[in-house]
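I have placed the structure first, in the form of structure tokens, so that the comments after it can refer back to it.
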Amino acid sequence: MSQPQESQSTESRRGFLQAGGVVAAGAVAVNSLPISRAAHTFSSDEIKIGLVGCGGRGTGAALQALDTASDSNRLKLTAVADPFKFRIDGSLSAIQKKHAALVDLKDRTFVGVDAFKKVLESDVDMVILATPPGFRPMHFEAAIKAGKHVFMEKPVAVDAPGVRRVLEANKMAKEKKLAVGVGLQRRHESGYQATIQKLRDGAIGDIILTRAYWNMGDLWVRNREPQQSELEYQINNWYHFNWLSGDHICEQHIHNLDVINWLMDGYPVEAQGQGGRQVRTGKQYGQIYDHHFVEFTYENGTKLLSQCRQISGCWNEVKEYAHGSKGWCEINAGKIYDRDNKVIWTAPANEQGHAKEHVDLFASIRKGEIPNEGDYGAYSTMTSIMGRMATYTGKKLSWKDCLNSKVSLANTDAMDDFSDEAPLKPDDDGRYWVPQPGQDPELIV
């Protein structure tokens, strides 16, 4: 269950930009050059970027990508799409305020549930996918089929069929020599990298136990507007519906779970847990839980104790720990302790990961490499989904059964407009179905 970050070589910088299409006339001779020389030759090629999903994270990702622009890394934002016009307007206001010279949209701003198709039909070289995660498998598959390189935010799916769809599309990405970046930015921070390597080298002996936390206060909620259709309301209030967010164990806690998967160089084989809606019980909160606790077990028997909670007034922590036979480690802080709790090693300070992941992505591209983070992005997403399945059902579940689950939370391919039917219906009181542990023994959600 190894999970190395894959990287493929391409014959030239121009070959990278045109991997999904026809190579321009005259490029053949250059493509025969050694990688280093060809990459240098095309280091000034402009990369046209499309943004699909103009909320806070999409705007942030676009800004962080454009922040890397330079004479040797020429970039331009040339197309954007979002279901909501007001989000496009807000996003472009922020982007143009900082990078006006790098925005060239003309008439390429597209509004609607299916607006992503127009971005993919344009001549962008790379797309940033940052809509609610429930749409990610469909958008990723479409982007790869269209021959576009991709940076996509995490999680990359909200259910097992979605994960499998991403894995299949990622095979296609490798075949087409398309770059794939995933927004699990801790893997790009030097402090994390040094700490993980130190632990793998045996700094605390055999790893016996790991812990991961994303405990915080309550999060935003967007109230229903009178004119909204049910589908429009759910997409606007996406965080609180499983078919869109996967619950906060997927949408947020995936970062911590990914760190432990990275350390363990694999994925849990079993999970059991509990959770519920203790405080956030109103109908405006859709159907997600406000707390989850999961015990994951890895193939070698090592346990991961995982907590995520969104309840104000409680103890908060967003960290990862590893405990071994010779000491323990606060992974996020890059501190290793001996058995007497004395600090014996400290990692270099972490960079701002959201920025560094884009720096690394474009640096790889300019070197003629084709980075691909799609597989570990999908498997860490599946880890968080497995945890949700365990808390929702109250069952002890295996990795194999969870990954092979046929339960799909929504058919996003059938959604073209806000007038389309929503996959989840409220009852007469405006409340939504909430999974009850032990009550749906055959349902894995």
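The values are calculated or read from the model by the stated rules, or taken from the named source; none is laboratory data. Treat the numbers as computed from the prediction; the structure is a model and nothing was measured. Neighbour counts are summed over all protein chains in view; Cβ atoms, including those assigned to glycine, are modelled from backbone coordinates with ideal geometry. When the accessible area is computed, the model is the full protein with side chains, heavy atoms only, and any ligands, DNA or RNA have been set aside. Shrake-Rupley method; radii C 1.70, N 1.55, O 1.52, S 1.80 Å.
Filtering the range 134-149 for residues that are closer than 22 Å to Ala390 by Cα, at pLDDT 95 or above and among the β-branched types (Val, Ile, Thr) leaves an empty set. Go through the range 388-406 and give me each residue that's over 23 Å from Leu129 (Cβ atoms), touching a residue at least 60 places away in the same chain (Cβ under 8 Å) and either hydrophobic (A, V, I, L, M, F, W, C) or in contact with an Asp or Glu (Cβ under 9 Å, 6 or more places away or on another chain) (or both). Selection gives Met389, Ala390, Thr391, Tyr392, Lys396, Leu397, Ser398, Trp399, Cys402, Ser405. Screening Val156 with (1) open to solvent by 40 Å² or more (accessible area, probe 1.4 Å); (2) under 19 Å from the mean Cα position of the chain (by Cα) gives one miss only, at (1).
Taking the criterion of being over 27 Å from Val166 (Cα atoms) and either surrounded by fewer than 18 Cβ atoms within 10 Å (Cβ to Cβ) or of a type in the set (A, V, I, L, M, F, W, C) (or both), the residues of the range 99-132 that qualify are Ala100, Ala101, Leu102, Val103, Asp104, Leu105, Lys106, Asp107.
Total residues in the range 305-340 satisfying the condition of being over 23 Å from Ile288 (Cβ atoms), open to solvent by 60 Å² or more (accessible area, probe 1.4 Å) and in contact (Cβ under 8 Å) with a residue 12 or more places away in the chain: the figure is 3. Of all residues in the range 111-133, those that are more than 20 Å from Asn237 (Cβ to Cβ) have Cβ atoms under 6 Å from Cβ atoms of residues that are surrounded by fewer than 24 Cβ atoms within 10 Å (Cβ to Cβ) and modelled with pLDDT under 95, 6 or more apart or on another chain, in Asp125/Leu17. Looking for something open to solvent by less than 50 Å² (accessible area, probe 1.4 Å), in contact with a helix residue (DSSP H, G or I) (Cβ under 6 Å, 6 or more places away or on another chain) and among the aliphatic types (A, V, I, L, M) - is there at least one such residue anywhere in the range 407-414? The answer is yes; a qualifying residue exists. Among strands (runs of 3 or more DSSP E) entirely within the range 295-355, having at least 1 residues that are modelled with pLDDT of 95 or more, touching a His at 6+ places or on another chain (Cβ under 8 Å) and of a type in the set (Lys, Arg) singles out 303-310. Every condition in (1) open to solvent by 50 Å² or more (accessible area, probe 1.4 Å); (2) closer than 25 Å to Phe151 by Cβ holds for Glu373 except the one numbered (1).
Condition check ((1) under 18 Å from Trp243 (Cα atoms); (2) over 20 Å from the mean Cα position of the chain (by Cα)) across all residues:
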{"site": "Arg309", "(1), (2)": "no, no"}
{"site": "Asn316", "(1), (2)": "no, yes"}
{"site": "Tyr321", "(1), (2)": "no, yes"}
{"site": "Ile331", "(1), (2)": "no, yes"}
{"site": "Asn372", "(1), (2)": "no, no"}
{"site": "Tyr392", "(1), (2)": "yes, yes"}
{"site": "Asn404", "(1), (2)": "yes, yes"}
{"site": "Met415", "(1), (2)": "yes, yes"}
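Condition check: within 29 Å of Arg164 (Cα to Cα), under 25 Å from the mean Cα position of the chain (by Cα) and among the acidic types (Asp, Glu). Does Glu357 satisfy that? Taking the combined requirement at face value, the residue satisfies it. Of the residues making up the range 80-98, those that are surrounded by fewer than 18 Cβ atoms within 10 Å (Cβ to Cβ) and over 24 Å from Asp416 (Cα atoms) are Ser93, Ala94, Gln96, Lys97, Lys98. The set of residues in the range 253-294 being open to solvent by 10 Å² or more (accessible area, probe 1.4 Å), of a type in the set (D, E, K, R) and not in a loop (DSSP other than H, G, I, E, B) consists of Glu270, Lys283. So for the range 230-248 (the condition being touching a strand residue (DSSP E or B) at 6+ places or on another chain (Cβ under 8 Å) and open to solvent by less than 20 Å² (accessible area, probe 1.4 Å)), does at least one residue qualify? Yes, some residue in the range 230-248 is touching a strand residue (DSSP E or B) at 6+ places or on another chain (Cβ under 8 Å) and open to solvent by less than 20 Å² (accessible area, probe 1.4 Å).
Given the condition under 29 Å from Cys314 (Cα atoms), open to solvent by 10 Å² or more (accessible area, probe 1.4 Å) and under 17 Å from the mean Cα position of the chain (by Cα), answer yes or no: does some residue in the range 200-209 qualify? No, every residue in the range 200-209 fails to be under 29 Å from Cys314 (Cα atoms), open to solvent by 10 Å² or more (accessible area, probe 1.4 Å) and under 17 Å from the mean Cα position of the chain (by Cα). Which residue is nearest to Arg87 (Cα to Cα), if the candidates are limited to the range 45-57 and must be surrounded by fewer than 23 Cβ atoms within 10 Å (Cβ to Cβ) and small (Gly, Ala, Ser)? So the residue we want is Gly55. Determine the pairs where a residue that is within 21 Å of Arg186 (Cβ to Cβ) and part of a loop (DSSP other than H, G, I, E, B), located within the range 360-374, has a partner that is among the basic types (Lys, Arg) and open to solvent by 10 Å² or more (accessible area, probe 1.4 Å) with Cβ atoms under 8 Å apart, the partner being 6 or more residues away or on another chain. That search, which allows pairs on different chains as well, returns Glu373/Arg187.
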